[in-house]
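The values are calculated or read from the model by the stated rules, or taken from the named source; none is laboratory data. Just so you know, these numbers come straight off a predicted model, no measurement behind them. Counting neighbours? That spans all protein chains shown, and the Cβs are built from the backbone with ideal geometry, glycine included. The accessibility values were calculated without ligands, DNA or RNA, using every heavy atom of the protein model including side chains. Shrake-Rupley method; radii C 1.70, N 1.55, O 1.52, S 1.80 Å.
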Amino acid sequence: MKYKVDDSCVCCGACTAVCPTVFFMGDNGRVAAIADDVPEDVLEDAEDAMGGCPVGAIHTV
Ligand code: SF4
């Protein structure tokens, strides 16, 4: 399972707080997801982060 953050992200930081293993603030000031498959032990946190995104900017790929 991989995730992607689209351009509708408003950089609220919620996903980076809920699942910092997967979501992070990039050097460009935009929030992004790690390129690798999400580790099993944080899959639930990643799902919670996706569900909690206020603008629906997180998608599975
Ligand atoms: S929760 Fe959504 S809007 Fe907030 S930083 Fe993450 S992707 Fe962006």
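Scanning the stretch 27-61 for residues that are more than 10 Å from the ligand (Cβ to nearest atom), part of a loop (DSSP other than H, G, I, E, B) and modelled with pLDDT of 95 or more yields a count of 6.
Tell me which residues, restricted to the stretch 8-18, are surrounded by 14 or more Cβ atoms within 10 Å (Cβ to Cβ) and assigned to a helix (DSSP H, G or I). Step through it out loud before you land on a result.
Residues of the stretch 8-18 that are surrounded by 14 or more Cβ atoms within 10 Å (Cβ to Cβ), as a first pass: 9, 12, 14-16, 18.
Ala14, Cys15, Thr16, Val18 - these are the residues of the stretch 8-18 that are surrounded by 14 or more Cβ atoms within 10 Å (Cβ to Cβ) and assigned to a helix (DSSP H, G or I).
For Thr21, the conditions (1) within 13 Å of the ligand (Cβ to nearest atom); (2) open to solvent by 60 Å² or more (accessible area, probe 1.4 Å); (3) β-branched (Val, Ile, Thr) are fulfilled apart from (1). Looking only at the stretch 45-61, residues that are open to solvent by 40 Å² or more (accessible area, probe 1.4 Å) and closer than 14 Å to Thr16 by Cα come to 7 in all.
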